[in-house]
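Inspection log for the structure reproduced underneath, given as structure tokens.
Read-outs throughout are calculated quantities, based only on the coordinates presented, and are distinct from any laboratory measurement. Keep in mind it's a predicted model, so treat the numbers as computed, not measured. Neighbour counts are summed over all protein chains in view; Cβ atoms, including those assigned to glycine, are modelled from backbone coordinates with ideal geometry.
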Amino acid sequence: MFWKKGSSFLRTTTFRLTFWYIVVFSALSVAVFLVVYVSLALRLQDQTDSELLDESTEFAALYREQGVKALQVEFTREAGARGTGRVLFQLRSSDGESLAYSDLSQWKEVGTSRPAERIGQGNQPYYRTLSLPGRRHKVRLLSMPISGGQRIEVGSSLQREEIILERYRETFGVALMVMVGCGGLFGFLLARKAMAGVQRVTDTATGIGRNDLGRRVPLADEGEEINALARAFNAMLERIEILLSEFRQVTDNVAHELRTPITRIRGMAETTLKGEDDLCEYKEMAASVIDGCDDLIEMIGTMLEIAKTDSGTVELDLVPLDVLELVEEAADLFTPMAEDKGIDIRLNKPYRTAMVIGDRRRLQRVASNLLDNAIKYTPHGGGITVSIEIEAGNVKVAIADTGIGINESDLPHIFERFYRCDHSRSTSGSGLGLSLALAIIHVHGGDITVQSSEQGSTFSFFLPASSSQVHS
Ligand code: ADP
């Protein structure tokens, strides 16, 4: 359990940010340490070297002025004063023989016993750093040429420098541990603060239940990125809420709309069964059942078509087509039905063609639905005018009737699925025709508008004119 929690913490962004923070922080600290350490070491060495050079120059001057004896006295005095283990002074002849020297008992490796020492026989001061057996600290030696091939050798223990560097290393080690600890804690707090907004979004998302879609992530001051995430998440919740309520409404409508015809069909079958065993009645009942089923099948087909078109998953068979010709065909098709009601259909077509890119079968369905409605809701002896215009790069088809009109309160709803105004209860229909027309026009990049009064209604649909039409 604890292990599981630990391993899931290792996978969190907070942990990763903290980890990288510590790594980068430590790497930078070590880099700074190295730079300071190397420059300090070089500085100390420079200082030692210049001290050695100064001393050997002074010894050379003394030798030149007062000879080897005076130099020997000075070597002994100076070494005695500073500690024979800490310094070495020596004058060598050109063949390496020691002419004057301080106490060399602690400098055996480099002392008089090695007259053949050839190192530093050139004309330049020659510096060396050596580790001598039995000595804890290294030594720095300068071999400086003077006149006649003779050389003055000056050595100094590096004890002081090494102690300084060692203290510096120890201090840095402790400081690094403290810095990494504090830096890690600081990095963790920083990462946790940065992630707090994300956590808030996660908490809200986790807390949202089936009936709790109204909750939103509160905005805070954790930075614009987090607020943008919260806003995007809230917008998504809003869309899901709308979609879900639409979905619920559609399901309610479907259940309601299907129940009525199914109950009717069942009622017919039940009545026939309870009646006499009359073959004619059975045949009538069977015919009615078939009609009822056909209506249901058509309704279900239309619902599926609307759903597919609305979601954009419908496959359109797009071709260049003349809307004028398409509307003319539809008007011809509905003329007999209009004539039965003594309705006159007139066509206004100021153009020879009105080209669009569209799916012929689906656009035919739009024109048919609108014409069908216009005839259905126009009383005997009325008139329908179909006008085609080209407006601002769109082909506009307006179907105006002198029918019963639509109430202002109904207008915002007539494109909703299954919505039927009170006045149409006595007329056949499913309330799906306008929804399908709107979905088809939308998927073609167009729109439908409606204007209505007591004198009648005008439904207009707009489709983007194809470029050949725009230029003609
Ligand atoms: P329906 O199958 O009922 O005709 P529609 O979706 O085509 O379904 O239309 C929805 C409702 O809009 C209709 O029930 C009707 O009340 C109203 N309507 C549509 N067109 C007209 C019109 N031209 N005149 C009056 N009312 C109309």
Checklist entry - Sequence-distant or interchain residues sharing an amide H contact under 5 Å with residue 347, placed H: which? => result 386
Checklist entry - Between residue 425 and residue 178, what is the label-to-label distance in nm when each label sits 7 Å out along the Cα-to-Cβ direction? => result 8.8 nm
Item to check | Debye, to nearest 20: dipole size of region 220-308, +1 on Lys, Arg Cβ, -1 on Asp, Glu Cβ | outcome: 140 debye
Checklist entry - With r defined as the distance between the Cβ atoms of residue 23 and residue 415 and R0 fixed at 56 Å, what FRET efficiency is calculated, to the nearest 0.05? => result 0.40
Checklist outcome for this item: Within region 197-235, the residues whose backbone N lies under 20 Å from a label point placed 7 Å from the Cα of residue 16 along the Cα-to-Cβ direction are 197-203, 225-227, 229-230
Checklist outcome for this item: Only helices counted: for the chain, with every DSSP H run of 4 or more residues adding -39500 (n - 2.57) and the sum spread over all residues, [θ] at 222 nm is -20000 deg cm²/dmol
Next on the checklist: How big is the dipole moment of region 194-247 about its Cα centre under a simple scheme where the beta carbon of each Lys and Arg is +1, that of each Asp and Glu is -1, and everything else is neutral? Debye, nearest 20, please.
Outcome noted: 180 debye
Checklist entry - Each label point is 7 Å from the Cα along the Cα-to-Cβ direction; what then is the distance between the points at residue 449 and residue 73, in nm? => result 12.3 nm
Item to check | Amide H within-cut-off set for residue 100, under 5 Å, with H built and near neighbours excluded | outcome: 91
Item to check | residue 251/residue 31 FRET efficiency (R0 56 Å; Cβ-Cβ; nearest 0.05) | outcome: 0.30
Checklist entry - For residue 193, which lysines qualify as cross-link partners when the Cα separation must be under 21 Å and same-chain residues fewer than eight apart are set aside? => result 5
Checklist entry - Within the chain, which DSSP H helices have Cα atoms that stretch 20 Å or more along the helix axis and a mean Kyte-Doolittle hydropathy of at least -1.0? => result 13-82, 159-207, 224-274, 279-311, 323-340, 360-376
Next on the checklist: Straight-line reach only, C-alpha to C-alpha below 30 angstrom: list the lysines that residue 274 could link to, leaving out same-chain residues fewer than 8 apart.
Outcome noted: 283
Next on the checklist: Strictly greater than 44 Å: what percent of every Cα pair in the chain meets that?
Outcome noted: 58 percent
Checklist outcome for this item: The pairs in 376/396; 308/341; 308/349 lying past 30 Å Cα-Cα in this model are 308/341; 308/349
Checklist entry - Binned at 5 Å from 0, what are the whole-percent values of the Cα-Cα distance distribution for region 318-471, short to long? => result 2, 10, 20, 23, 21, 15, 7, 3, 0, 0
Checklist entry - Under a point-charge model restricted to the Cβ atoms of Lys and Arg (+1) and Asp and Glu (-1), what is the dipole moment magnitude of the chain relative to its Cα centre, in debye to the nearest 20? => result 3900 debye
Checklist entry - Which listed residue (208, 228, 198) has the Cα farthest towards the positive end of the charge dipole for region 198-257, taking +1 on Lys and Arg C-beta and -1 on Asp and Glu C-beta about the Cα centre? => result 208
Checklist entry - List the lysines whose alpha-carbon lies under 23 Å from that of residue 138, not counting same-chain residues fewer than 8 positions away? => result 108
Checklist entry - From the residues 47, 34, 59, which one has its Cα farthest along the dipole of region 1-194 in the positive direction, the dipole being from +1 and -1 charges on Cβ of Lys/Arg and Asp/Glu about the Cα centre? => result 34
Checklist entry - What FRET efficiency comes out for the pair residue 270/residue 242, r = Cβ-Cβ distance, R0 = 60 Å, nearest 0.05? => result 0.90
Checklist outcome for this item: Sorting 218, 370, 25 by the position of each Cα along the dipole of the chain (Lys, Arg +1; Asp, Glu -1; all at Cβ), the one nearest the positive end of that ordering is 25
Item to check | Cβ-based exposure ranking for 105, 288, in which fewest neighbours within 10 Å come first | outcome: 105, 288
